[in-house]
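Taken together, the values in this text are just the output of simple stated rules run on the coordinates, not laboratory data. Treat the numbers as computed from the prediction; the structure is a model and nothing was measured. A quick note on method: Cβ atoms are made from the backbone with ideal geometry, for glycine too, and the neighbour counts reach across all protein chains shown.
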Amino acid sequence: MASERVTLDTVAAAAGVSRMTVSNAYNRPDQLSAATRTRVMEVAAELGYSGPDPTAASLRRRRTRTVGVVLTERLPYAFADPGMVTILHGLASGLSEAGYALLLVPESGVDDEPLVRQALVDALVLCALPDGHPAVAAALERQVPVVTVGNPRLPHVPRLGTDNRAATALVARHLLDLGHRSFAVLTAESSGQHTLARPGFAERTDWFTAALHDAGIGSDRVTVHTATENARGAGAAALSEPLAARRARPTAVFAVTDILALGALDAASRAGLAVPADLSVVGFDNVAPAALSDPPLTTVEHDLFGQGQAAARLALRMIAGESVRAPRMAPRLVVRGSTAAAR
């Protein structure tokens with residue numbers, strides 16, 4: 001028998017009980033007496049049987065009690081970016097309260113095929129994916145509930161996210177009121193396998209520059225610098241030359257994430273510039289490190305943890321067959337020590 005595959009039927013025969021009794025021992029133990037369940041589990045252990053196949057059980061129930069999160073970046077990014085960590089924390093918090101698991105699904109596998117096609121999930125949350133990303137089409141083809149966080153914006157799909165136009169208008173007005181008239185915008189490329197840009201980053205860049213132009217700031221007074229990834233070191237590298245130059249140096253930097261803004265602080269320090277006396281810096285997200293930097297970072301807060309929690313609630317309600325509407329997330333400018341009046 002050792003060379004044969006041990007199944008639920010094998011355990012039932014050895015324990016002298018029905019197949020249903022063995023199934024109940026694993027899935028509905030309250031249906032059995034303590035003595036019967038103990039007997040079944042002892043026989044299963046002797047035979048080396050670890051329990052029913054969870055995949056097969058999920059297919060029978062048509063429920064996996066799992067929600068997948070599809071990321072635009074490579075999987076390690078989810079643990080390196082404090083903003084993404086905060087969203088995932090909110091998602092996990094909302095799902096765990098309902099007894100659901102969270103599955104991270106990278107944009108694509110080694111063969112460039114969207115992994116979302118094989119993910120065993122009851123619903124999908126798309127995080128910061130461009131509209132034309134292959135994983136978006138693959139997710140919609142699954143015919144499971146879909147929620148988006150940030151992007152994409154899809155017809156009849158609930159979306160959680162801040163109003164980037166309103167948020168960047170707050171930043172522009174704050175810096176303009178401080179007398180700044182020369183600006184740098186720091187954005188980043190995606191580190192995913194596809195070359196499509198992060199839509200949220202592009203929106204923040206475009207709306208911020210538009211707000212400045214509406215206030216009479218010419219294009220020659222606004223420069224855009226792109227880091228190779230959304231990382232502190234990459235942000236510092238992207239601003240090293242602009243801040244080291246003596247002519248046409250900006251007096252204010254708007255970074256589309258706090259991580260890039262922290263890199264801007266590093267670049268300013270290396271260039272011998274004092275923040276905020278020589279250079280004002282504003283970030284976006286209000287992640288925990290923003291309040292702990294030197295100086296503390298002025299930034300846009302848009303409740304990333306709350307967005308994650310709300311995405312979980314929406315997904316669970318959609319799984320239950322309910323109609324849903326995503327709540328609005330209003331941005332708020334948190335003014336700290338990294339901004340001051342222009343010289």
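For a quick size check, give me the Cα extents of the chain along its three principal axes, largest first, whole Å.
Largest to smallest, the principal-axis extents are 87, 40, 37 Å.
Less than 15 Å Cβ to Cβ from Gly16, Lys/Arg counted +1 and Asp/Glu -1: what total charge do the surrounding residues give? Present the calculation step by step, with values, prior to reporting the outcome.
Details: positive: Arg19, Arg37, Arg39; negative: Asp9, Glu42, Glu46.
My count for the surroundings of Gly16 gives 0.
Could you give me the ³J(HN,Hα) list for region 313-320, computed from phi with Karplus coefficients 6.51, -1.76, 1.60 and θ = phi - 60°, whole Hz, x at Gly and Pro?
Whole-Hz 3J(HN,Hα) from phi for region 313-320: 4, 4, 4, 5, 5, 5, 4, 6.
Of Ala277, Ala166, Thr205, which is farthest towards the positive pole of region 164-301's charge dipole, taken about the Cα centre with +1 and -1 on the beta-carbons of Lys, Arg and Asp, Glu respectively?
Farthest along the dipole direction, towards plus: Ala277.
Please report the base-10 log of the normalised intensity I(q)/I(0) for region 236-298, using a Debye sum with one equal scatterer per alpha carbon and no solvent, at each q in 0.12 (1/Å).
Listed by q, the Debye log ratios stand at -0.24.
Shape call for region 164-301 from the C-alpha gyration tensor, a ≥ b ≥ c root eigenvalues: rounded (a/c under 1.5), prolate (a/b greater than b/c) or oblate?
On the way: a/c = 1.27, a/b = 1.06, b/c = 1.20.
Taking the square roots of the gyration eigenvalues as a ≥ b ≥ c, region 164-301 is rounded.
Taking neighbour Cβ counts within 10 Å as the exposure measure, how do His225, His174, His156 sort from fewest upward?
His156, His174, His225
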